[in-house]
Amino acid sequence: MALLTVEDAKAAFNLFCCVYGIGTLGMPGNFARAGPLCGAVALAFMGVANVYASVVVSKVMLRAPASVQTFADVGGWALGRHGRVAVILSQMGVCLFVPCAFLVLGGSLLDTVIPDAFSPRNWTIIMAITILPVTLVPTLKEGAGAALAGCLGTIVADFLALGVLVYYLEDSAGAIPSPSITFDSIASTFGNLSLAYGAAIVIPDLQRQHSDPTRMPRVVFATLLLISVLFIAIAVTGYAMVGCQIPGNLLFAVSGNALGFSAPRGPVVLAFLAMQLHITIGFSVLLHPAFYYAERAALGLHRPRPRLLSEATTTDDDEASGARDYPQDTALVASTDDDEKAGVTPLADDEDEGGRFAACCALRTAMVAGLTLASVVLHDHFHDLVDLVGASSVSLSCIILPILSYLCVFAQEVPWYERAYCYLVMGVCGVLSVYVTAKSARAMVAPVDAAVVFPFCPANYQHFAYTNVTHYGS
């Protein structure tokens, strides 16, 4: 068995591009809120929980019958009708509102790179127009090359920003300031950490398009493990340079002079444009599940060619996996055609391929237009929006529901200690989800005082950079 195939690499690129994105920008900020010790514990807990939840989603997909093709199908098959509804609602929250956050961030980045040209809201609209062609790529598999570019874009952006911080602040005066640690400051990291690891929603789509789905659990584990290592490096380096004064967005730490230095425009522009590349690709990757559902509901696409169960035969692989022990949602099962398994023929079910493709383009364009409108309305609430979506939709769809589905499908095979861990993770994430969702929603209605430059710090460090020798010397 090959260690890594081309299809494995394509799936890993798409998964990496989906996960390793705007969530990385808040990693140093998580340490700034909770301190290095509590921040490290929170990152470790959420990392293990998300890697585990993502791997078990892949395992559930392997156990499921051929008719289970989407994340909603997984919820319906494992948890029943109510589970399907919960999965769809939470997944749509991720697939629609996280791209909104992408558009908001992209507008702010372009306004910084090209100042005094358009307002950030106008840049958001322009960016949505330029992204539109990328969203019309039919499947994730066909966009794997672009996903690789998105992966590299985020890595370049993060480490350029960190390089600027290290270069200018390595010899700065005084010890870095520490945050005021409270339960609220620790809990507030939950939203960003959930968003950063939101992987489970795209795994069924990637696994459906893989010709050998049994390889996917290993691909998922290796990809998320690499991402976790990068998360740790970004969080530790950013906090070590700035302490509690690191902004919630790493890129904005190097774009102004709030920290007592002004970086050259060159590396700042390169970092911002590299992140803009990721946003362009990641926007499309995250929207694909929503496109899939919309095209199935509105246009009747992506429905498997049915054959009667009485005509189906149980293979040795089905018996080995135990798939026959679970009831089907319908009296029909999917065709075993290789192209359908790969997910590359959704638009060619009949002779009207051109008309179907045009209908898909129109539907996707309308969805992107709606997201653009929402992004313009929410433009002043980027950080609160990220925390709100992460704490609510992402934690539910990417941690709680995947683990619950796994416990239901593998009920007789999960040992007691693993089951105890599952209940612990679901309990902690459930409590924090409610708390942070309510806190973020309240902040969107009543924003915090904008005069506070460094909100994660104690009062004596909230208005002046710790490098300001004149101020702190007096």
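Here region 384-467 has an Rg and Dmax of 18.7, 59 Å, counting Cα atoms alone. Ligands, DNA and RNA left out, the accessible area of the chain computed with a 1.4 Å probe is 66% carbon and sulfur. Ranked from largest to smallest solvent-accessible area, with a 1.4 Å probe on the protein heavy atoms, Ser178, Ser255, Ser54 come out as Ser178, Ser255, Ser54.
Over region 130-285, the hull volume per residue, using the convex hull of the C-alpha atoms, is 134 Å³. Annotation: per residue accessible area for region 103-216 equals 37 Å², rounded to a whole number [probe 1.4 Å, protein chains only].
Hey, quick one: spin label on Ala175, modelled 7 Å out along Cα-Cβ, who in region 230-256 has an amide N within reach, i.e. under 17 Å? What the label zone holds, given the 17 Å backbone N cut-off, is 239-245.
Residues Val98, Val134, ordered by accessible area of protein heavy atoms at a 1.4 angstrom probe radius and largest first, appear as Val134, Val98. For region 9-154, the fraction of C-alpha pairs farther apart than 19 angstrom is 68 percent.
Couplings 3J(HN,Hα) of region 50-61, computed from phi: 6, 4, 4, 4, 5, 5, 6, 4, 5, 5, 5, 4 Hz, in residue order, whole Hz [Karplus 6.51 cos²θ - 1.76 cosθ + 1.60, θ = phi - 60°; x for Gly and Pro]. Phi angles across region 3-19 convert, under the Karplus curve 6.51 cos²θ - 1.76 cosθ + 1.60 with θ = phi - 60°, into 3J(HN,Hα) values of 5, 8, 9, 4, 5, 4, 5, 4, 5, 5, 4, 5, 5, 4, 5, 6, 8 Hz, Gly and Pro given as x.
Calculated mean residue ellipticity at 222 nm for the chain: -22000 deg cm²/dmol, from DSSP H runs with n ≥ 4 weighted as -39500 (n - 2.57), summed, divided by the residue count and rounded to 500.
Per residue, the convex hull spanned by the Cα atoms of the chain measures out at 146 cubic angstrom. Annotation: amide H of Ser67 within the under-5 Å range of Ala334, sequence separation 5 or more or interchain, hydrogens built in the peptide plane.
Working from label points 7 Å from Cα in the Cα-to-Cβ sense, the Arg265 to Arg419 distance is 6.4 nm.
In the context of the full set of protein chains, region 368-474 has a per residue accessible area of 50 Å² (1.4 Å probe). With contacts taken as Cα pairs under 8 Å at a separation of at least 6 residues, region 116-249 carries a relative contact order of 45 percent. Could you compute how fast region 132-224 diffuses translationally, taking Rh as the Kirkwood radius over C-alpha pairs and applying Stokes-Einstein at 37 °C with viscosity 0.692 mPa s? Give it in µm² per second. Answer from the Stokes-Einstein relation: 188 µm²/s.
Its relative contact order, with pairs defined as Cα atoms under 8 Å and 6+ residues apart, puts the chain at 32 percent. Remark: relative contact order (region 360-474) = 28 percent; criterion is Cα-Cα distance under 8 angstrom and separation of 6 or more residues. Taking the 0 to 90 degree range and rounding to the nearest ten, how far is the long axis of helix 416-445 tilted relative to the main principal axis of the chain, both from C-alpha atoms? That works out to roughly 60 degrees. Once the mean 1/r over all distinct Cα pairs of region 87-187 is inverted, what Kirkwood radius in angstroms do you read off? When all Cα pairs of region 87-187 are included, the Kirkwood radius is 17.5 Å.
What the phi angles of region 238-244 give under the Karplus curve with 6.51, -1.76 and 1.60, with θ = phi - 60°, is a coupling list of x, 5, 4, 7, 10, x, 6 Hz, glycine and proline written as x. What angle, in degrees between 0 and 90 and rounded to the nearest 10, separates the Cα long axis of helix 120-135 from the longest principal axis of the Cα atoms of the chain? It works out to around 30 degrees.
The values are calculated or read from the model by the stated rules, or taken from the named source; none is laboratory data. Everything quoted here is computed from the prediction, not taken from an experiment. For neighbour counting, all protein chains shown are included, and Cβ atoms are generated from backbone atoms with ideal geometry for every residue, glycine included. Accessible surface areas use protein heavy atoms only, side chains included; no ligands, DNA or RNA. Shrake-Rupley method; radii C 1.70, N 1.55, O 1.52, S 1.80 Å.
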